[in-house]
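Each remark here refers to the structure printed beneath this line.
Please treat every number below as a calculation from the coordinates, not as lab data. As the structure is a computational prediction, the values presented were derived from the model and not from experiment. Cβ atoms come from the backbone with ideal geometry, glycine included; neighbour counts cover every protein chain shown.
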Amino acid sequence: MKEAVSSKSAPAPIGPYSQAVDAGAVYCSGQVGVNPETGDLEEGIVAQTRRAVSNLEGVLAAAGLGLDNVVKTTVFMADLKEYAQMNEEYSKHFSAPYPARSTVQVSALPKGARVEIDAVATR
């Protein structure tokens, strides 16, 4: 059994996908640094990372979870030269035991974003 999870605290999907799907574990779609109230992309890697994590928090809250429930993330970056800045901001939002994580550079992200983060969380 699976159920879509939706939150107004994160941008609406821009395609045929759910913000998250609860199938026992909660699988969150990638979030970029778009402010859900304005639809504008935040400026710079640090602000975009902060907003992407905040958007994930909103989706997780709609499923009754928080960042402490996250067991795995994937970070997609437009430029790995910004890794240290992204990592410093990311580290402010997660605590030990930290989620497992993969970080990859991609050629482009939606809306020209610098970073996109997805997550898997458990109860």
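Per-structure values
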| item | result |
| --- | --- |
| Check: segment 3-121 dipole with +1 on Lys, Arg Cβ and -1 on Asp, Glu Cβ, in debye | 140 |
| GLU37 versus ARG123: modelled label distance in nm, points set 7 Å from Cα along the beta carbon direction | 3.2 |
| Relative contact order computed over the chain (Cα-Cα under 8 Å; 6+ residues apart), in percent | 32 |
| Candidates GLN105, GLN48, GLN31: whichever shows maximal mean-square fluctuation once the chain is modelled as a Gaussian network with Cα springs under 10 Å | GLN105 |
| Spin-label zone in segment 47-85 - amide nitrogen under 17 Å from a point set 7 Å from the Cα of VAL104 along the C-beta vector | 72-81 |
| Max mean-square fluctuation residue, GNM over the chain, Cα-Cα springs under 10 Å, options VAL104, VAL75, VAL53 | VAL104 |
| Interchain or long-range residues, amide H under 5 Å from GLN31's placed H | ILE117, ASP118 |
| For the chain, with +1 on Lys and Arg beta carbons and -1 on Asp and Glu, the positive-most of PRO36, THR103, SER91 along the dipole | THR103 |
